[in-house]
Amino acid sequence: MRTLTKVLLPAAAVVSVAGHVWAARAVWSQRTQLVQARRAALVDPLTGLANRTGLAEALADLVWEPYDLVIVDLDGFKQVNDTYGHDAGDAVLVEVATRLSDAIDEVDGSVVARLGGDELVLVCPSPAPIAHILGAEVVRALAAPVTLPGGQELAVRASVGAVSAMVGDDPSRVLRAADLALYRAKAAGGDQVAEYDRIADLPEIEKRPVVRLREMTEMARTLGGAA
């Protein structure tokens with residue numbers, strides 16, 4: 001009888017351990033799925049950059065330290081899609097995302113985000129205001145042509161709006177300031193950096209949607225050319 005007891009007790013213990021292991025694995029699997037789902041909610045699926053939600057979280061984390069922010073808008077990107085197709089346009093966006101990420105990869109706490117379309121944002125924590133330098137680095141990173149899937153080389157240019165944010169600045173107003181600077185860069189012909197003047201206060205946030213100035217600028221150019 002004692003021999004049977006020796007056999008049964010280890011068996012019961014094995015069952016118990018197996019049950020705990022299974023439960024632990026189930027919990028770990030659920031946590032992994034939650035982490036993956038949360039990450040997917042913060043990431044742009046095409047480029048792997050942060051999306052709007054990811055950018056908002058990053059800016060919220062930086063609200064109590066100074067940082068520089070630039071908005072990047074590719075010049076003439078619609079023509080890329082119209083001429084070479086959307087696959088080529090996607091390839092350009094992926095390459096641009098890689099170059100911009102590499103440009104600030106060594107800066108702790110930096111983030112690159114895609115707001116949608118061909119509009120991207122770079123954020124770098126910085127104790128000294130270097131927004132214009134950051135914008136110039138974007139232009140430099142895009143200087144080399146992009147090779148399309150078909151083998152064609154395409155020159156990529158961008159208009160850049162830059163702003164240096166201070167401790168406690170409202171992230172929405174920082175983005176608005178960079179956007180206004182971007183409009184100036186677009187209106188001046190593109191392929192350049194414009195910096196928001198921080199001597200003035202940051203702009204108020206629009207309470208309702210407005211027609212984007214960059215679209216108005218392109219329309220004015222088209223009408224002017226037609227005349």
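The values are calculated or read from the model by the stated rules, or taken from the named source; none is laboratory data. Note that this is a predicted model, so its numbers are computed, not measured. Note that we place each Cβ from the backbone using ideal geometry, even for glycine, and neighbour counts take in every protein chain shown. Accessible surface areas use protein heavy atoms only, side chains included; no ligands, DNA or RNA. Shrake-Rupley method; radii C 1.70, N 1.55, O 1.52, S 1.80 Å.
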message: So for segment 88-104 (the condition being part of a loop (DSSP other than H, G, I, E, B) and touching a residue at least 12 places away in the same chain (Cβ under 8 Å)), does at least one residue qualify?
response: yes
statement: Picking from Gly161, Gly135, Gly151, the residue that is on the phi > 0 side of the Ramachandran plot, small (Gly, Ala, Ser) and either open to solvent by less than 10 Å² (accessible area, probe 1.4 Å) or not in a helix (DSSP H, G or I) (or both) would be Gly151
- prompt: Out of the residues in segment 196-227 that are within 18 Å of Ser164 (Cβ to Cβ) and open to solvent by less than 70 Å² (accessible area, probe 1.4 Å), which is modelled with the lowest pLDDT?
  reply: Ala200
field: Filtered residues of segment 73-87 (kept if surrounded by fewer than 19 Cβ atoms within 10 Å (Cβ to Cβ) and part of a helix (DSSP H, G or I))
entry: Lys78, Gln79, Asn81, Asp82, Thr83, Tyr84, His86, Asp87
- prompt: Looking at segment 120-159, which of its residues are of a type in the set (D, E, K, R) and either touching a helix residue (DSSP H, G or I) at 6+ places or on another chain (Cβ under 6 Å) or modelled with pLDDT of 95 or more (or both)?
  reply: Glu137
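Going through segment 63-72 one residue at a time, which ones are open to solvent by 10 Å² or more (accessible area, probe 1.4 Å) and either modelled with pLDDT of 95 or more or touching a strand residue (DSSP E or B) at 6+ places or on another chain (Cβ under 7 Å) (or both)?
Within segment 63-72, Glu65, Pro66 meet the criteria.
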